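Structure, as structure tokens:
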Amino acid sequence: MLLITCPYCGPRPEIEFRCGGEAHIARPADAEALSDAAWADYLFYRTNPKGRHAERWIHQHGCQRWFNAVRDTASDAFVATYRMGEKRPPGTEGEP
Amino acid sequence: MSQPFRLAKGGRIDRSRPILMRFDDSEITAFAGDTAASALLANGIHLVGRSFKYHRPRGILAHGSEEPNALLDVDRGRGRREPNNRATVVEAFDGLVLHSQNRWPSLQRDIGAINDRVGSLVSAGFYYKTFMWPQMAWKHVYEPLIRRAAGLGAAPAVPDPDTYQHRHAHCDVLVVGAGPAGLAAAIAASEDARARVILCDEQAEPGGALLHDVTSEIDGVPAAVWLERALATLADRDNVTVLGRTTAFGYFNHNHIALAERLTDHLPSPTPGAPRERLWQVRAHRVVLASGAHERPLVFADNDRPGVMLAESLRVYVNRYAVAPGRRIVMVTTGASAYSAALDIAAAGLDVSIVDLRSDARCGPELAASRARGIPVETGHTVLAAMGRMRVTGLTIAPVGASGLPGPGREIACDCVGMSGGWTPSVHLFSQSRGALGYDPDADAFLPDRSRQPERSAGACRGTYDLSACLDDGAEAGAAAAGRTTSRRHTASATLVGFQPVRAMPRSGGVERAKAFVDFQNDVTAKDLKLAVREGFESIEHVKRYTTTGMATDQGKTSNMVALGLVAETLGRAVPAVGTTTFRLPYTPVTFGAFAGQNRGRLFDPERTTPVHDWAASAGAAFEDVGLWKRAWYFPRAGEDMHAAVARECRAVRSGVGIFDASTLGKIEVAGPDAAEFLNRIYTNSFSKLQHGRCRYGLMLKEDGYIFDDGVVARLAPDRFHLTTTTGGAPRVLAHMEDYLQTVWPDLQVFATSITEQWAVIAVQGPKARQSIAPLIEGIDLAEETLPHMALAEGRIAGIPCRLFRVSFTGEAGYEVNVPADYGRGVWEAIHASGKPFDITSYGTETMHVLRAEKGFIIVGQETDGTMTPDDMGLGGLVGRGKRDFVGKRSLARPDLIAAGRKQLVGLLTEKPREVLDEGAQIVTDTSLPVPMRMLGHVTSSYWSECLGRSIALAVVADGRQRRGQTLFVTTASGFAAAKVVDPVFIDPSGVRLHA
């Protein structure tokens, strides 16, 4: 059971949250201009790294707010959690 | 004579409390404090079971939870009977009833022993090469035979009558294991009274190895005294919780550890209602693992005979339980710890000798100490085989020369053997924590190398076997866990340590045919491991699965390293190159009850009921589960089956008036200055021009273009909408909306609020619907001009504020009356009374489904499956054509979504009108085609239509709309049914009845 630090509520058990997949993927503003391949890329392709992964979480059974997190997919360690709309904190990129 | 093998003095058993137990047909006397194993051994009983595959006679191998052989069926009375309990863990009490397993007709004469004779036919992996031919034999011969022969123990036949508790706890330091290292750690960690410390141990008494150490001194006092004082210290501290009979069985993320505490299994008469076990979920700031180590057996022919045990276990039975495991004991060893056991056994007055594979030069001080005590020691000797069958009667030993090959063998008589092949640190929990192990060649073991979580190991579980070193290690770990850098030191008697690793005892060629066991519980021999390597399995994970070594309930505690070493030796590789298999929870078996806790029976899932539920129940409704909701399914009158009830309900709605509880429908209120703009973006159709007081059906897609949900959107005000979703979809739709509002369009000023439970919804449908509710309505003009189909108004019904929707899911004119939930039942009853002159009829979900199907209304999740587009459902007209962006718009232009051949919604009318198709049935064009046929689609909904006097069905069929008029074939249980493709609206296609 992961212990996740909600930026609003503090550390809470995983069972209160839901993961929303990779973070920082902006919904394309002008979708009509995208080719089918580019649109499919937005819909279906994700980075899937072994290591640090920026992802979205929602504190479903708490404040019900979406936020971002950087989690190491190999060790499940949470490197950072930060609010929706904020940028990925420096130093949380790539290999640990 | 009772307890002929009980020693006159010593032990921690309570001689003042004798007890009486049963084992198979015998009565056994023992003492309080015995385990089932020590009680059996005290009575000279070694034969306790038959092995899993070969049905070989087996005895007790060990003394603790690592026991692989002695699995007994335990009957605690009062309907509590459980198989596969380790006799070494079961605490004996007066009245305990034990049965041996896996034998027929008796333990002494077991017909299964024939497997032992045909051993070469049933070696490792035999089932991958057999039972293949003839194929027909599988169903009637092989499977029934295998089911009867396989498995171990008899499953309980009655539901578990006990209760189990769950508890969550937080602490600063969790210490796993209360042996010397764990006790020292707990004492150190809890010195600061603010540090909350939990210490758990799987045994009934804390103390670990100290419980059978009668010779060592710690800090100037005997070990037993040190133990007593340590426990008193911990008991005195308010910040310490000591949990006995508690196994830490799972190590999860972020220092989340699960413990199973056994509360009543050791009591002859537990308080009725007392929980049997308690499952703890502990979140610890820091963890200290002091889980000890397991002794390794030695691999030689017939090393599994009853009476052949582990050396340290003999020491435990003698010192802790005052039991003589035999009268003539031989220790077979490659290390020093067996000598400690031999010295204690000799001190207890028993005849013991030692056979050591090591030469004199390779031995330590243990050699001189034993010889000085008069214990015969034969160094440089191997064991070729054990003799005896139902009980060991002797060993064949032989000298091993410089070449490594054994010389001529000779027999020595004995009735008990203690094997010691070295020690394996128990790293299960460390590995579960995802820590990385490293192979230490000096210890010949995998030790904790790199922690991944805030945890550290101390004592024997990290390869430290000297007593004072264990104590110091534990104290340091405990202090560090509590944030301190200094810790106290201990003095203790020296421990005899060190061993020479050997994979299999040297033997001469002639003994190849006999079985030398590695994994006792799954009957895996050294030959099996070599066979696996010969057949090309090189990865230890493959070898494990092919031979099943390490896969039994003991998880290879005594066999993993032995197997690993043998495989490495056979492959000619170093042990670390072969690696270990993955350690998984639970460390030892945990009852289903412990995991279930209170979540069983009525408490397994919450039950959601509507305000009208009790009225429906009194009216005799049958209910169906829709998610967690209980919904009235149909209302049978006297003598009616479901078919008759539904037929009557359908007729009543279309000819008079029906009343239906739609309260489970999802409802969301969307409010704010940008509410309309938001709805425009989230539905396929636009709502900007929807007038105040009007409703519109809306279709919601996911970004991939597929239908996600549908519902009716009603506008209450310029900035306020009340929309509905499917019953199951409400939380999903709200989550979908919140996702977009928070993460894609945070600039929109919109609030979305779930109001599903706040409003009761009563559907009143049929030609007499208006007349039925009119007398109750205040403040709303029900005339067709003022409240037409797809409109809403606010007013009162039976004096209660209501939102009155003029909507229909049945195709008849009608309403959905929304009132605050608390008034739901009262308003339902008022409408019932008011509709009585029109013979108002309650109808349930089955009728609702039939009526909407007659009108071709889809149900998301029934006609759709997450891969249907609006056009597939014939709803292409709801998709906005302009520039307005909405969720899913871009995807609707994806090639796959506009391709020909997509499955489209159609109606099906069977050639035989009384034939009702099966939902899910597949559809083909030609029944004479060879199998596998190309399937065009499937039946999504199928009913008997009372109003049409024949069956109807909805289906999705490739290019369905082009196939109108064609006859297709639908699978049935006995073949195919012919059906004509028609428009999916079966009644009133122009919709005149809506405006009645």
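The values are calculated or read from the model by the stated rules, or taken from the named source; none is laboratory data. Not measured: the values here are computed from a predicted model. Heads up, the Cβs are rebuilt from the backbone with ideal geometry, glycines too, and the neighbour counts pull from every protein chain shown. Calculation scope for accessible area: heavy atoms of the full protein, side chains included, ligands and nucleic acids excluded. Shrake-Rupley method; radii C 1.70, N 1.55, O 1.52, S 1.80 Å.
Summed over segment B:883-919, residues that are within 14 Å of another protein chain (Cβ to nearest Cβ) and not charged (D, E, K, R) total 10. Counting the residues of segment B:880-912 that are over 30 Å from A:Leu43 (Cβ atoms) and open to solvent by less than 60 Å² (accessible area, probe 1.4 Å) gives 4. Residues in segment B:783-828 that are of a type in the set (Lys, Arg) and open to solvent by less than 10 Å² (accessible area, probe 1.4 Å): B:Arg806 alone.
Take the residues of segment B:158-171 that are touching a residue at least 24 places away in the same chain (Cβ under 8 Å) and outside any strand (DSSP E or B): which is most open to solvent (accessible area, probe 1.4 Å)? The extreme case among them is B:Val158.
Can you confirm whether segment B:737-759 contains a residue that is farther than 30 Å from A:Trp66 by Cβ and buried (at least 18 other Cβ atoms within 10 Å of the Cβ)? Scanning segment B:737-759 turns up no residue that is farther than 30 Å from A:Trp66 by Cβ and buried (at least 18 other Cβ atoms within 10 Å of the Cβ). From the list B:Asn69, B:Asn84, B:Asn102, which residue is in contact with a His (Cβ under 9 Å, 6 or more places away or on another chain) and either in a strand (DSSP E or B) or among the polar types (S, T, N, Q) (or both)? Every option except B:Asn102 fails the conditions.
Pick out the one residue from B:Arg245, B:Arg229, B:Arg262 that is out of contact with any Phe, Trp or Tyr (no Cβ under 9 Å at 6 or more places or on another chain), free of Cβ contacts under 8 Å to residues at least 40 places away in the same chain and within 30 Å of B:Val97 (Cα to Cα). After ruling out the rest, the residue left standing is B:Arg262. Flag set for B:Thr29, criterion: hydroxyl-bearing (Ser, Thr, Tyr), touching a strand residue (DSSP E or B) at 6+ places or on another chain (Cβ under 8 Å) and open to solvent by 10 Å² or more (accessible area, probe 1.4 Å).
Restricting attention to segment B:220-265, and to residues there that are over 17 Å from B:Val197 (Cβ atoms) and among the charged types (D, E, K, R), which single residue is least open to solvent (accessible area, probe 1.4 Å)? Restricting to residues being over 17 Å from B:Val197 (Cβ atoms) and among the charged types (D, E, K, R), the top hit is B:Asp265. Only one of the numbered conditions (1) free of Cβ contacts under 8 Å to residues at least 40 places away in the same chain; (2) open to solvent by less than 30 Å² (accessible area, probe 1.4 Å) is not met by B:Gly536, and that is (2). Listed by position, the strands (runs of 3 or more DSSP E) inside segment B:234-323 whose residues that are of a type outside the set (A, V, I, L, M, F, W, C) number at least 2 are B:246-252, B:256-262, B:277-289, B:293-295. Listed conditions (1) more than 29 Å from B:Ala258 (Cβ to Cβ); (2) open to solvent by 40 Å² or more (accessible area, probe 1.4 Å) are all met by A:Leu43, apart from (2).
Here is a yes/no grid of residues against (1) open to solvent by 10 Å² or more (accessible area, probe 1.4 Å); (2) under 30 Å from B:Leu263 (Cβ atoms); (3) aromatic (Phe, Trp, Tyr):
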| residue | (1), (2), (3) |
| --- | --- |
| B:Pro18 | yes, yes, no |
| B:Gly33 | yes, yes, no |
| B:Gly49 | no, yes, no |
| B:Arg78 | yes, yes, no |
| B:Ala87 | no, yes, no |
| B:Gln101 | yes, yes, no |
| B:Asp110 | yes, no, no |
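Within segment B:663-693, the set of residues being charged (D, E, K, R), under 41 Å from the mean Cα position of the chain (by Cα) and more than 30 Å from B:Ala619 (Cβ to Cβ) comprises just one member, B:Glu669.
Where helices (runs of 4 or more DSSP H) fall wholly inside segment B:505-598, the ranges with 3 or more residues that are under 26 Å from B:Asp440 (Cα atoms) are B:526-534, B:540-547, B:560-571, B:575-578. Looking at B:Val733, B:Val713, just one residue is aliphatic (A, V, I, L, M) and in contact (Cβ under 8 Å) with a residue 40 or more places away in the chain, and that residue is B:Val733. Look at B:Gly179 and say whether it is open to solvent by less than 50 Å² (accessible area, probe 1.4 Å), farther than 30 Å from B:Phe595 by Cβ and under 34 Å from the mean Cα position of the chain (by Cα). No: the conditions fail for B:Gly179. Could you tell me whether B:Val819 is over 27 Å from B:Ala647 (Cβ atoms), β-branched (Val, Ile, Thr) and not in a helix (DSSP H, G or I)? So B:Val819 fits the description; yes. Selection of segment B:751-791 for residues being hydroxyl-bearing (Ser, Thr, Tyr) and touching a residue at least 40 places away in the same chain (Cβ under 8 Å) yields B:Thr753, B:Ser754, B:Thr756, B:Ser772.
Filtering segment B:654-662 for residues that are within 20 Å of B:Gly824 (Cα to Cα), buried (at least 18 other Cβ atoms within 10 Å of the Cβ) and within 37 Å of the chain's Cα centre (by Cα) leaves a non-empty set.
Remark: pairs (first residue in segment B:282-299, away from chain A (no Cβ under 14 Å); second residue outside any strand (DSSP E or B) and of a type in the set (Val, Ile, Thr); Cβ separation under 6 Å; 6+ apart in sequence or on different chains) = B:His294/B:Thr558; B:Arg296/B:Val562; B:Pro297/B:Thr558. In the condition set (1) without any contact (Cβ under 8 Å) to a residue 60 or more places away in the chain; (2) surrounded by fewer than 16 Cβ atoms within 10 Å (Cβ to Cβ), B:Gln862 is compliant with all but (1). Quick one: in segment B:356-402, of everything that is hydroxyl-bearing (Ser, Thr, Tyr) and open to solvent by less than 60 Å² (accessible area, probe 1.4 Å), which residue is nearest to the chain's Cα centre (by Cα)? Residue satisfying both the conditions and the ranking: B:Thr382.
Scan segment B:135-157 for residues that are open to solvent by 30 Å² or more (accessible area, probe 1.4 Å), in a helix (DSSP H, G or I) and either touching a residue at least 40 places away in the same chain (Cβ under 8 Å) or of a type outside the set (Phe, Trp, Tyr) (or both) and jot them down. Those that are open to solvent by 30 Å² or more (accessible area, probe 1.4 Å), in a helix (DSSP H, G or I) and either touching a residue at least 40 places away in the same chain (Cβ under 8 Å) or of a type outside the set (Phe, Trp, Tyr) (or both): B:Lys139, B:His140, B:Val141, B:Glu143, B:Pro144, B:Leu145, B:Ile146, B:Arg147, B:Arg148, B:Ala149.
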